[in-house]
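To start, the structure itself, in structure tokens.
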Amino acid sequence: MKHKNHLIAAVVIGFALLTGYLILYAFFHREKGDLIFIIFNSYALLAVVLCVVMVHRRDRNEQLKKELTHKRLTYLTQNLTAPAMLWNDSVTEVILNDALRELANIRKHEEINAKEIVPMFFGKKEAMTDADIREIVNAKNHEYSFTARGSAPRNMIWNTSAVETGEDGVTWLLSIGMDLADIRNMESKLKIYTNRLSASEDRHNLTIELMDVGLLLIEQGNPKIFTSEKLQKMFGLRSNSITVPEIRKLIYPLDAVAFDTHVQTMRSHMKHFIDKTDTLELRICSAEGQYRWYSYRYRATTYKESGRLVVGGTVIDITEEKQRDAKMEKIAYEDMVTGIPNRNKLMRMGSELYECTSELHNSYWVIVMDIDRFHLINDTCGYAAGNALLRSFADVLVKQLSQGGFGARISGDNFALILRDTGDDSLPEKIIAKVQRALLTKAVGDLSNRSLTCSAGYARMPADGDSFEHILEHAEFALSSGSNALGSVSRYTPAMHDQIIHDSNLESQLHEALSRNELELYYQPKVSLETGEIVGLEALIRWNHPSGKVISPGVFIPIAERSQLITQITRFVMYDACRQMKVWQTMGLPDTVVSINFSSTDFYQENICAQIQNALDKYGLAPSCLEIELTESLALMDIDTTIERMHELRRAGIKLAMDDFGTGYSSLSYIEQLPFSIVKLDRSFVTEMHDNPVVQEIVHSVARIAKAKQIHTIAEGVETDEQAQMLRAAGCEYAQGYLYGRPMTARQTEKFIRDSLTNKIVY
Ligand code: C2E
Ligand code: MG
Ligand code: MG
């Protein structure tokens, strides 16, 4: 930098000397040259010099601006008392505050390497990927374990938010850590502090003896209040006797009501306070002109001689204790991103309220809400927009509490409300509808409006459970058992438990269904959006129940998954689909790909690859004829095993599809990270695409990312031409849905394929 400055200075001086020389030369040799031409040249040179200087200045200003932002962020981090670090998303720089350095045994000026230190704090052994960073920003209550040099392992919860994105596109992230051991000690510490405050009575007595303390005496019938010298210094008073209005002027406006009530009670009931010690805590303007917290610990007594009543006590500055308490409360009970209470606080409040319900005979509503597809919005629009959305949602919730109630963020995008039950059974739904309406007015990143929805589940307290914990669980259960539709609202009912009993009956029948050959595969075509050709078939299972009903997989697959029957069902599907493919090949139908659906239990079986190979071998089919559909929730279960297993299948030549993309905790990073050959956009995207810009944006992004990774895209549940057109425009390659063909029996499928070959079907 210095070097550059010298160079520029040298250029400027050089040009100045040259210009001066030219002007002098022109002046003394007017006859030889053209004066005007030379002067013009001199000015041109001057302009060049000015340009160089301006460009240099602009560079410097930009550099200064960058340095300023950096300094501001560093200052912010350093001033946090909790362990914190500021790091950039390319993991090239990191700043640890003193608290974190102390925690990790890193000396104050010790050089650190961001690439080593940042992953270490998040318990990672390898370098951080974009997906890791996204996961860290999304995971709000995840525990990370790390072992600092020379000390025992620690479990931390990191709250990470994006604080600044520079013009260079680098995002700075602030991670504030909470040592779990600290949190667990927090409550007991809070108690100790409270005790310490009450123990300050002894301290008062001692300080009175030492006399260097603020004393305040109020005598019955005397409008003046006596103040000690120390007290006068504390509050900048000019005399040792002041009036109540004079002292009131110094009190913080919000505390004035407490003060008035107190004075009034004292005046009318002073006698009741005889020999009782009490405390009044207020914020008062100090001599330095700042409001500080003071504790007035007093008792009433009578003058021995006159028998007149007098209230007297000491005033001490408790600002530091108050700040410490507030800070502890904040860390233990406040959600860092939204500033509203967290799950700990909700559990505490909820349990207290639950205890009171039996005595007070009142009841409450416990509502749990979840922002639909928050993870996708977070990934598509960025963390900063995700955090902003969480804050907006918290804002919306808090607004519902005007008539009393309690709101908290309980995890990721889950929020809870406790509302007083006023006897109106429709209250929860009304409040939820209000939140949903308010949410529609919020903007996310560049995408404004109309598209944000949330789902909710609720339960009544104390009727719906025998502890607050149970009731919250039941509300969460209602939320998860609500329909998959966006914005679904469900109330917890005991019938939700009856469902479990119904399922167990079905389970025992399902055992027999296998041996009685009641299961049958249907096939649904997948077509190219460009050419209309059939590109594959999805095998979908049906249960021909002895009652004559055809039971859909949505009903019995979840039951089979719970009872391990799924392994036998998947085996049947695998062999039967391969057998059918061979039959069609032998009939001379064109080769196509059949896809089968896998459950997580299937996928995690040790020898699954060998089993698939056996099925293919038995019918002499090439592995390229088979595709396996996995859901994203499966990928989430154990990411390392998932990746390993997927690579094994891909190496064997088997295709892999990510099914129902967008329904659960989908993350665009799965497409980037996992070796899928095709992504299947869930049906809900197709139905909502028409009037939801967020969904449109997501579909575009998925298609774009997939294309870059050479992964195909298919949309499920296409029912109309308009949907097909929008998908085509969004860059989606294939489609599956009633528009092209419903799931059909093997025989109907055969006819369908033949018809499509003879062009009887036009898409
Ligand atoms: P999936 O794999 O996402 O299958 C797509 C589902 O959407 C099928 O429902 C299909 O009939 C339905 N569908 C297709 N096009 C349309 C459309 O245009 N409109 C509407 N409304 N629906 C459409 P299905 O057959 O009831 O299967 C439901 C789910 O059950 C499947 O979802 C899959 O997850 C599971 N499943 C089906 N067969 C098997 C199986 O053999 N093994 C396992 N583990 N799961 C299976
Ligand atoms: Mg499927
Ligand atoms: Mg699907």
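The values are calculated or read from the model by the stated rules, or taken from the named source; none is laboratory data. All figures in this text were calculated on a predicted structure; none of them were measured in a lab. Glycine also receives a Cβ, built like all others from the backbone with ideal geometry; neighbour counts cover every protein chain displayed.
Within the option set PRO743, PRO675, being assigned by TED's automatic domain parsing to the domain that holds ILE541, more than 16 Å from ligand 1 (Cβ to nearest atom) and either in contact with a strand residue (DSSP E or B) (Cβ under 7 Å, 6 or more places away or on another chain) or under 29 Å from ILE643 (Cα atoms) (or both) holds for one residue only, PRO675.
For region 611-633, filtered to residues that are within 12 Å of ligand 1 (Cβ to nearest atom) and assigned to a helix (DSSP H, G or I), the residue that is surrounded by the fewest Cβ atoms within 10 Å (Cβ to Cβ) is SER633.
Out of all the residues in region 376-392, which are out of contact with any helix residue (DSSP H, G or I) (no Cβ under 7 Å at 6 or more places or on another chain) and at pLDDT 85 or above? Across region 376-392, the qualifying residues are ASN387, ALA388, LEU390, ARG391, SER392. If the condition is being under 39 Å from the mean Cα position of the chain (by Cα) and polar (S, T, N, Q), then region 537-567 contributes SER552, SER563, GLN564, THR567. When residues in region 675-726 are screened for being away from ligand 2 (no atom under 16 Å from the Cβ), in a helix (DSSP H, G or I) and in contact (Cβ under 8 Å) with a residue 12 or more places away in the chain, 23 of them pass.
Among the residues of region 727-740, the one identified as on the phi > 0 side of the Ramachandran plot and within 14 Å of ligand 2 (Cβ to nearest atom) is GLY737. Across region 236-262, the number of residues qualifying as within 13 Å of LEU282 (Cα to Cα) and in a helix (DSSP H, G or I) comes to 13. Here SER563 passes the criteria (1) in contact (Cβ under 8 Å) with a residue 24 or more places away in the chain; (2) outside the structural domain of ASP617 (by TED's automatic domain parsing) except the one numbered (2).
Only one of (1) among the β-branched types (Val, Ile, Thr); (2) crowded, with 19+ Cβ neighbours inside 10 Å; (3) assigned to a helix (DSSP H, G or I); (4) touching a residue at least 60 places away in the same chain (Cβ under 8 Å) fails for ILE410. Which number is that? (3) is the only condition that ILE410 fails. Within region 317-339, the set of residues being part of a helix (DSSP H, G or I) and over 23 Å from the mean Cα position of the chain (by Cα) comprises THR319, GLU320, GLU321, LYS322, GLN323, ARG324, ASP325, ALA326.
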